[in-house]
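Just below is one structure, and these are the notes that go with it.
What follows draws every value from the coordinates through simple rules; no lab data is involved. All of these numbers come straight from a predicted model, not from anything done at the bench. Heads up, the Cβs are rebuilt from the backbone with ideal geometry, glycines too, and the neighbour counts pull from every protein chain shown.
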Amino acid sequence: MALSTLDFQQARIKQVLFKSRLRSVLYGVREADAALFSLAENPFGQWLATVVKPHYNTRPEVRAMEQNLQATLQAGQALVTQYQRGQIEEARTGLSTVNTYADQMEELLQSLEKAVVA
């Protein structure tokens with residue numbers, strides 16, 4: 001199964017969804033739950049596991065995406081911990097770290113997309 005441009009667009013939406021959920025926690029709109037930081041329950045992680053890895057696991061971008069996602073989830077969890085400890089402004093400022101990971105993920109997505117989409 002070849003990935004399509006639509007698959008990559010959906011993956012990008014999944015990234016934005018995570019950032020939006022994290023931001024809503026750090027701005028007091030919703031409570032954090034463990035699923036937000038679970039690789040297995042993360043929509044992007046699920047996409048990697050079920051759509052990408054079965055067909056493209058040998059591509060270096062795939063392993064790099066998985067590592068990047070894990071780092072993103074850990075960074076997000078650390079920000080929520082800061083927020084819960086009352087370090088609200090520091091946690092919100094730390095969103096720039098998550099954005100840096102998102103930028104790196106975008107580069108990986110572009111590289112894989114260029115390689116596999118005809």
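Using the Cα centre of the chain as the reference point, and only Cβ charges (+1 on K/R, -1 on D/E), how large is the resulting charge dipole? Debye, rounded to the nearest 20.
100
Listed values for the stretch 78-88 are Karplus-derived 3J(HN,Hα) couplings in whole Hz (6.51 cos²θ - 1.76 cosθ + 1.60, θ = phi - 60°), namely 5, 5, 5, 4, 4, 4, 5, 8, x, 8, 5, and x replaces Gly and Pro. Equivalent ellipsoid of the chain: semi-axes from √(5λ) of the C-alpha gyration tensor, largest first, are 28, 13, 12 Å. Think of it as helices only: each DSSP H run of n ≥ 4 in the chain is worth -39500 (n - 2.57), and spread over all residues that comes to -23000 deg cm²/dmol at 222 nm. Under a 5 Å amide H cut-off, with hydrogens placed 1.01 Å from N, residue 30 pairs with 25 among residues at least 5 apart or on other chains.
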